[in-house]
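Peer 1: One structure, pasted below without further comment.
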């Protein structure tokens, strides 16, 4: 909850979504360990929530509300001890998820945090897998972001394996020309490229307007992954990176 509040304070326009796999696992564990519910009854409730046709896969708010009424009735009849926890702790998260799914086309009903695991791994390598105090962690994240800007500059020049996407070819600059530009000229070119990104891609902006985060619809697929998420072993890709 704390990290969600922090994210909304820094990125007010952003939409939050929680991992469906963890929400389902938490429901199973609570019903099993806290409520002590029989397996068959527990499975019925979990299926009504996260199974095919469950309320978490509702295509509209009205369908969500109808399916929610059904599962609340089921919980009240079969697991009344769970109803208060479901209403106060689980339901607000599910409502937030629904809002995000209906307003952000890149969000899916079965969204999981596999979508951010690649960047999570990069961050862990940066801090050498050791806990850091918040100020030091912020500095580490800032350094990673600065590294991304360096990659963008490489793409503008077509340097190494980096290339601009076809939609942004007009921002390509020959390496010899780029190296002769002044710092101010390079800065203005980068800013022009960033403005084009905001027009063509969905982005979230920080409250002070200094940071822009590109929205991704990769559904947890990592670089080099060609199979479905659960079956794939991934490795480092040798393909050209597209920015």
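Peer 1: Where does each of 179, 116, 19 land when they are ranked from fewest to most other beta-carbon atoms within 10 angstrom?
Peer 2: On the way: 179 10, 116 14, 19 17.
Final ranking by Cβ density, sparse to dense: 179, 116, 19.
Peer 1: Can you give me the Cα centroid spacing of the range 135-184 and the range 1-73 in angstrom?
Peer 2: Here the answer is 41 Å between Cα centres.
Peer 1: I've got another one for you. Work out the FRET efficiency for residue 141 and residue 34 from their Cβ-Cβ distance, taking R0 = 45 Å, and round it to the nearest 0.05. Don't skip to the answer; put the middle values down first.
Peer 2: On the way: r = 36 Å, r/R0 = 0.80.
The value I calculate is 0.80.
Peer 1: Follow-up question, since we're still on this one. If you bin the C-alpha pair distances of the range 80-167 every 10 Å from 0, what whole percents do you get?
Peer 2: The distribution over the range 80-167 is 13, 23, 29, 25, 7, 3, 0, given as percents.
Peer 1: What's the exposure ranking of 41, 61, going from fewest to most Cβ atoms within 10 Å? Kindly include the intermediate steps, with their values, before the conclusion.
Peer 2: On the way: 41 15, 61 12.
So the residues, fewest neighbours to most, are 61, 41.
Peer 1: Okay, next question. Quick one: grab the alpha carbon gyration tensor of the range 15-111, order the square roots of its eigenvalues as a ≥ b ≥ c, and give me rounded if a/c is under 1.5, else prolate or oblate depending on whether a/b is larger than b/c. List each step's numbers first, then the result.
Peer 2: Working: a/c = 1.97, a/b = 1.68, b/c = 1.17.
Prolate, since a/c reaches 1.5 and a/b exceeds b/c.
Peer 1: Where does each of 55, 193 land when they are ranked from fewest to most other beta-carbon atoms within 10 angstrom? Before the final figure, lay out the partial values.
Peer 2: Numbers: 55 22, 193 18.
Arranged by neighbour count, lowest to highest, 55, 193 become 193, 55.
Since every read-out is calculated from the coordinates, none of them should be taken as a lab result. What you are looking at is a predicted structure, and each value in this text was computed from that prediction instead of being measured. Note: ideal-geometry Cβ built from the backbone for every residue, glycine included; neighbour counts use all protein chains shown.
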